[in-house]
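Data first, discussion second: the structure below is written as structure tokens.
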Number of protein chains: 2
Amino acid sequence: MNTRQEVLDFVKNGHTRFLPHLSIDCVIFGYHAHQLKILLIRHHGHEKWSLPGGYIARDETLTQAAHRILAEKTQITDLFLQQFYVFGDSVVRMSRIETQQTHNTTFAKVGVTLGDNHWLSERTLSIGYYALVDYLDVVVTPEFLVDGFCWLEIKEIPPLEYDHNEIIAKALATLRSQIYQQPIGYSLLPEKFTLPEIHALYETILGKQFDRRNFRKKLLTLGLIRQLDEQKRIGPHRSPFLYEFDLENYRKALEEGSVLAF
Amino acid sequence: MNTRQEVLDFVKNGHTRFLPHLSIDCVIFGYHAHQLKILLIRHHGHEKWSLPGGYIARDETLTQAAHRILAEKTQITDLFLQQFYVFGDSVVRMSRIETQQTHNTTFAKVGVTLGDNHWLSERTLSIGYYALVDYLDVVVTPEFLVDGFCWLEIKEIPPLEYDHNEIIAKALATLRSQIYQQPIGYSLLPEKFTLPEIHALYETILGKQFDRRNFRKKLLTLGLIRQLDEQKRIGPHRSPFLYEFDLENYRKALEEGSVLAF
DNA sequence: ACAAAAGTGTTCCAGTTACACCCATGA
DNA sequence: TCATGGGTGTAACTGGAACACTTTTGT
């Protein structure tokens with residue numbers, strides 16, 4: 001929704017294209033050089049930041065919806081995207097009045113006030129998805145009703161709209177618990193990457209340090225990565241070897257080990 | 001919904017009490033004496049079995065809805081109940097025609113045919129919850145539109161309605177992956193239980209055998225259970241010691257270990 | 001005394017942790 | 001030649017797996 005006209009049409013006719021009562025909220029983790037940040041946006045007229053999100057079209061699958069919403073915000077397709085929980089308990093989510101007021105603040109920009117029975121005024125459950133991107137690669141394209149965006153480090157995140165702090169906490173816990181089972185970083189690192197690169201990534205995501213030698217052993221033993229016969233030139237230092245993800249091995253593990261069905 | 005009148009009211013006015021487009025499906029694992037079964041129901045006029053489920057009332061939280069639905073089916077409150085995934089991709093879920101026909105078969109019993117725009121005809125995403133009960137303790141109370149129910153062992157489960165086979169597969173995978181982190185069995189075993197009892201439970205759920213000694217060591221090391229100073233009389237055999245779950249320890253682990261936020 | 005079920009301890013192996021020195025590169 | 005960063009191996013430890021005989025109890 002990049003024009004006033006599109007927004008007006010969305011408010012008026014959105015319920016014919018999208019499912020009411022349901023939204024998708026995306027926790028987009030942006031990594032770069034030892035920093036792990038989260039993409040937040042600020043809607044028109046709001047003080048608090050919130051997670052980017054969207055609605056599910058009636059004619060697309062849930063997975064398609066998540067990918068579309070992410071692509072709309074970040075211009076990135078084909079990335080690692082993972083459903084992790086449905087949020088439907090928070091008090092602020094239960095209150096129609098609060099939902100309505102929040103939306104009305106935003107839509108004031110286009111001179112619209114939602115009625116009590118408007119589809120956007122109603123209680124909405126949110127399905128949480130998380131993604132992992134290199135935030136330098138991302139071109140964030142704020143929509144018409146979005147005043148701004150920012151990448152904030154996890155520790156710096158202030159109180160957000162709705163229950164979005166809770167959503168982020170759960171996303172982070174899920175990301176951390178899945179990092180050794182999923183080829184996390186596949187969409188984040190170049191196809192061929194060095195050990196120090198993936199090492200820094202894991203240290204940042206898990207928030208702790210790992211011994212270089214043990215870390216290499218672990219990833220090789222798990223079969224998550226494969227060492228190549230090439231090296232990278234990195235200036236006035238020793239050339240590190242290149243590695244690549246072993247996706248076949250990962251898929252095999254996923255099929256066998258019924259542990260992870262996600 | 002136990003009377004014709006209630007069903008008619010549900011069809012006519014359900015959309016004012018419940019959220020459309022969303023349902024909850026419950027995978028109720030029933031355990032007893034080395035058998036792990038799943039509760040299935042058959043709606044009026046249907047050949048295939050399906051999972052028991054329900055809708056989310058507008059004025060209850062998601063968690064409340066899941067507990068209420070389960071209590072309606074099994075008369076059990078306060079049990080272990082866990083959200084595990086949202087299903088919104090399956091082709092059969094995307095098709096309005098199929099949804100409508102399935103419902104119409106059921107509601108034929110009360111002489112109702114749903115129109116194309118009826119709230120029950122629309123696409124519905126389903127939030128999966130699983131629970132674990134002793135199936136001998138459960139009084140299943142089929143609702144008016146339910147012709148019958150059964151407990152089936154996992155290996156015996158035939159093709160079900162909708163994507164319910166997929167839901168069961170994911171539920172089982174989740175149950176198995178969480179069994180050492182959650183006090184699974186708390187609502188299933190008596191407050192004080194013997195080691196052979198919990199041992200049999202774990203063997204059945206995980207579908208494999210464990211050495212008695214190692215199994216005891218593991219559960220004690222994890223702090224999941226605590227040995228008591230009492231024994232149980234079990235007839236013409238040696239009296240086994242009693243154990244109890246160490247819930248405090250479990251809660252502590254849950255708070256510290258950010259691994260499990262579920 | 002016997003049948004049935006539960007209790008118990010040790011060894012071995014594998015996987016994880018801890019740890020420090022040498023090498024390659026470009027300026 | 002020097003500064004920087006990357007590469008590499010071994011020893012100690014810990015957690016998990018394998019394994020069989022003894023004890024209790026009631027009939």
Rounded to the nearest 10, the angle in degrees between the Cα long axis of helix A:4-17 and the longest principal axis of the Cα atoms of chain A comes to 90
Buried by at least 40 Å² relative to the chain on its own: which residues of the stretch B:85-110 qualify, computing accessible area with a 1.4 Å probe on protein heavy atoms? B:TYR85, B:VAL86, B:ASP89, B:MET94
Distances in nm from A:GLY45 to the matching label points in the other copies, shortest first (labels 7 Å along Cα to Cβ): 4.7
Placing the label point 7 Å from Cα along the Cα-to-Cβ direction, what are the distances from B:THR221 to the equivalent spots in the other copies, shortest first, in nm to one decimal? 1.5
Given the C-alpha atoms of the stretch B:193-256, compute the convex hull and give its volume per residue in Å³. 98
Stretch A:TYR180-A:LYS155 to full length: gain in nm at 0.36 nm per residue minus the Cα-Cα span? 6.7 nm
Under the rule rounded for a/c under 1.5, else prolate if a/b exceeds b/c, else oblate, using alpha carbon gyration tensor axes a ≥ b ≥ c, the protein assembly as shown is classed as oblate
What is the percent carbon and sulfur in the accessible area of the protein assembly as shown, measuring with a 1.4 Å probe over the protein chains and ignoring ligands? 50
Among the listed pairs A:LYS37/A:LYS109; B:LYS192/B:LYS232; A:LYS170/B:LYS217; B:LYS37/B:LYS217, which have their C-alpha atoms separated by more than 20 angstrom in this model? A:LYS37/A:LYS109; A:LYS170/B:LYS217; B:LYS37/B:LYS217
Any idea what angle helix B:164-178 forms with the longest principal axis of chain B, computed on alpha-carbon atoms, 0 to 90 degrees, nearest 10? 20
May I ask for the distance between the Cα centers of the stretch A:139-175 and the stretch B:128-186, given as a whole number of Å? 36
With a 1.4 Å probe on protein heavy atoms only, work out how much accessible surface A and B bury together, total over both chains, in Å² to the nearest 100. 2700
Using a 1.4 Å probe, what is the accessible area per residue for chain B, in Å²? 48
Part-to-part distance (alpha-carbon centres) for the stretch B:77-92 and the stretch B:27-48, which is given in Å: 16
Taking 1 over the mean of 1/r across every pair of different Cα atoms in chain B, what Kirkwood radius in Å do you get? 20.1
Relative contact order (percent, whole number), chain A, Cα cutoff 8 Å, 6+ residue spacing: 23
Nearest-5 percent of antiparallel DSSP beta bridges in the protein assembly as shown? 75
GNM on chain B, C-alpha springs below 10 Å: top fluctuator among B:SER126, B:SER50, B:SER90? B:SER90
Given the rule -39500 (n - 2.57) for each run of at least 4 DSSP H residues, summed and divided by the residues of the protein assembly as shown, what is its mean residue ellipticity at 222 nm, to the nearest 500 deg cm²/dmol? -10500 deg cm²/dmol
Fluctuation leader among B:LEU222, B:LEU136, B:LEU40 - chain B, Gaussian network, Cα springs under 10 angstrom: B:LEU136
Compute the FRET efficiency between B:ARG213 and B:GLU248 as 1/(1 + (r/R0)^6), taking r as their Cβ-Cβ distance and R0 = 22 Å, and round to the nearest 0.05. 0.30
Placing a label point 7 Å from Cα toward Cβ, how far apart in nm is B:ALA169 from its equivalents in the other copies, listed shortest first to one decimal? 3.4
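The values are calculated or read from the model by the stated rules, or taken from the named source; none is laboratory data. Predicted model, so just to flag it, every value in this text is computed and none were measured. Using ideal geometry, Cβ is built from the backbone for each residue, glycine included, and neighbour counts are taken over all protein chains shown. The accessibility values were calculated without ligands, DNA or RNA, using every heavy atom of the protein model including side chains. Shrake-Rupley method; radii C 1.70, N 1.55, O 1.52, S 1.80 Å.
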